[in-house]
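The next block holds one structure in the form of structure tokens; read it before the comments.
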Amino acid sequence: QVQLVESGGGLVQPGGSLRLSCAASGSDFTISAVNWYRQAPGKQRELVAAITNGGSTNYEDSVKGRFTISRDNAKNTAYLQMNSLKPEDTAVYYCMLTIRVSGTYYPHNYWGQGTQVTVSS
């Protein structure tokens with residue numbers, strides 16, 4: 001089994017920065033895709049950023065130029081660096097990793113527990 005643990009959320013003033021982390025642990029596994037989602041109150045969960053195993057990235061338009069997704073394969077950890085934060089970035093942020101456990105054929109999506117990000121003065 002694989003467990004994901006998120007950290008790094010909190011309260012920050014507009015214009016501030018936070019870095020979210022998503023650490024995977026457990027059985028031998030391989031991480032392919034890494035995605036960060038967010039869900040604001042009363043809204044649907046939306047994809048914020050994604051990075052492939054090859055390092056290709058994609059961002060939701062409202063965060064382009066402000067957020068950076070990255071991964072450290074040696075540490076089995078994904079990151080979301082968030083700069084120039086705005087009140088509209090307030091949401092619960094979730095990581096979702098596509099992981100294939102050694103000895104299995106198909107990969108599965110694993111979700112982090114979510115971390116609250118609040119941007120307010």
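The values are calculated or read from the model by the stated rules, or taken from the named source; none is laboratory data. Everything numeric in this text was worked out from a predicted model, so none of it was measured. Ligands, DNA and RNA are stripped out before the accessible areas are found, and what is left, the full protein with its side chains, is counted by its heavy atoms. Shrake-Rupley method; radii C 1.70, N 1.55, O 1.52, S 1.80 Å.
With θ taken as phi - 60° and the Karplus curve 6.51 cos²θ - 1.76 cosθ + 1.60 applied, the whole-hertz 3J(HN,Hα) list for the range 54-59 is x, x, 6, 10, 8, 10 Hz, x standing for glycine and proline. Excluding ligands, DNA and RNA, the accessible surface per residue across the chain is 54 Å² with a 1.4 Å probe.
One equal scatterer on each Cα of the chain, no solvent, Debye formula: the resulting log10 I(q)/I(0) at q = 0.10, 0.13 Å⁻¹ is -0.29, -0.48.
Quick one: if you take sqrt(5λ) for each eigenvalue of the C-alpha gyration tensor of the range 13-57, what semi-axes come out, biggest first, whole angstrom?
Semi-axes from the Cα gyration tensor: 24, 14, 13 Å.
Whole-Hz Karplus values for the range 113-119 come out as 7, x, 9, 7, 10, 10, 10 Hz, taken residue by residue from phi with 6.51 cos²θ - 1.76 cosθ + 1.60 and θ = phi - 60°; glycine and proline positions read x. Spatial offset of the range 27-92 relative to the range 1-22 amounts to 10 Å, using the alpha carbon center of each. Here K43 is the anchor, and the lysines within straight C-alpha reach of less than 22 Å, apart from those fewer than 8 places off in the same chain, are K64, K86. Counting protein heavy atoms only, the chain has 47 percent of its accessible area on carbon and sulfur, 1.4 angstrom probe.
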